[in-house]
Amino acid sequence: MTYPGAPRAPLTSGVMAAAALEPWRAAGPRSRRSAARRPRRREAAARGPGAEPEANEIVVLRRIREAGEGLLISDFWSSALDTINRCLTKHLEQLKAPMGSLSEALGNLHLGSSPGESAVATGSIPGDTLATGSSHWKCVCYGIGNFATCVIARIQLTFLLLFLEKCHIPRSHCWVYDPLFSPLEIAVLQSLGVTVLSENEEGKRNVGGEPTIFYMLHCGTALYNNLLWSNWSVEALSRVVIIGNSFRGLEERLLTRILQKNYPYVAKILKGLEELEFPQTSQYMDIFNDTSVQWFPVQKLKQLSTDTWAFRDEPDYQDCEDLEIIRDGTQEASAADLSSL
């Protein structure tokens, strides 16, 4: 399905000036957490006692810039981009795409500053000025959380913005959704140039033949299951890259019978994917734990049985007791989300 780009809301001169004047400062170290621990919901974290008060657009943009400064000077940033680089390079070879355009963009994955880096919080779209052919990738971001008040969500959003820039993906080619976004957060995202979806897709987005990167950190397993169902074919899945929860980690944490019953598409695809884990550093242990880059090689997909591809039942989760997503039309998190507080 196709979603028209929402009109970009320009920053006011006051916001632009304030963002430009704010210095980038290194983010302080985060507390450690085991990578094997179940990721917590960002909306739950945002409601905790350490949550920051929601402010205005100028303050939120300043906080994003500060988060970006911490990322750009960290070892994690260069290591994570190298991991993504390796995955996307293999993915491009699979699609038999011309390597000149994106390989040139991927060659820019480094720590040194570039003209666009300082514009992370000013609403510019550096990718729009690149040569034709370097912007074929689309990006969809689900479940980023309340970044106006939650540090974890804000750093994850900042990583996304910098990643788009480094891979030369225009922000206008990035769709973002979280049912918990506040009006302020929607306004900030629009000013940054990304497209905010107006409806809850529940992850059921078909790539329509276009190479698409899904950025889904710490999302509920049902969201991944829905995404796989929506693209359940060799042709579609071979165009999908997921930056999100490790599917191998899901296999380890969930009982086999629960995985096969409640999340059958995740269970069936385990033999058809390749996965590269994000680096683990003490500074960002609480933010990018259990995160991997995953893609689906054609050779592996074709080795799956015909019965695997014949199964196309839409997930309904009627008997799922631990559903970790907010369904379309639902205003409140499930009991499973609230229990993680």
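Among the residues of region 258-293, how many are in a strand (DSSP E or B) and either aromatic (F, W, Y) or touching a residue at least 60 places away in the same chain (Cβ under 8 Å) (or both)?
Let us first name the residues in region 258-293 that are in a strand (DSSP E or B), namely 274-277, 291-293.
Filter again for either aromatic (F, W, Y) or touching a residue at least 60 places away in the same chain (Cβ under 8 Å) (or both), leaving 274, 276-277, 291, 293.
Adding up the residues that qualify gives 5.
Within region 134-155, the only residue that satisfies the criterion of being under 21 Å from E202 (Cβ atoms) and hydroxyl-bearing (S, T, Y) is Y142.
Okay, residues lined up against (1) surrounded by fewer than 24 Cβ atoms within 10 Å (Cβ to Cβ); (2) modelled with pLDDT of 95 or more; (3) closer than 16 Å to G68 by Cα:
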position	(1), (2), (3)
T132	yes, no, no
S135	yes, no, no
R154	no, yes, yes
L157	no, yes, yes
P179	yes, no, no
I186	yes, yes, no
Q190	yes, yes, no
V194	no, yes, no
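Restricting region 301-341 to residues that are in a loop (DSSP other than H, G, I, E, B) and among the basic types (K, R), the residue that is modelled with the highest pLDDT is R312.
Have a look at S198, S230 and point out the one that is small (G, A, S), modelled with pLDDT of 95 or more and at negative phi.
Details: S198 fails: modelled with pLDDT of 95 or more.
Residue meeting the stated conditions: S230.
Can you say whether E277 is within 15 Å of C87 (Cα to Cα) and either touching a Phe, Trp or Tyr at 6+ places or on another chain (Cβ under 8 Å) or not hydroxyl-bearing (S, T, Y) (or both), as far as the supplied structure shows? Spelling it out, E277 is indeed within 15 Å of C87 (Cα to Cα) and either touching a Phe, Trp or Tyr at 6+ places or on another chain (Cβ under 8 Å) or not hydroxyl-bearing (S, T, Y) (or both).
The values are calculated or read from the model by the stated rules, or taken from the named source; none is laboratory data. Model, not experiment: these values are computed from the prediction. Cβ coordinates were reconstructed from backbone atoms using ideal geometry, including for glycine residues, and neighbour counts include every protein chain displayed.
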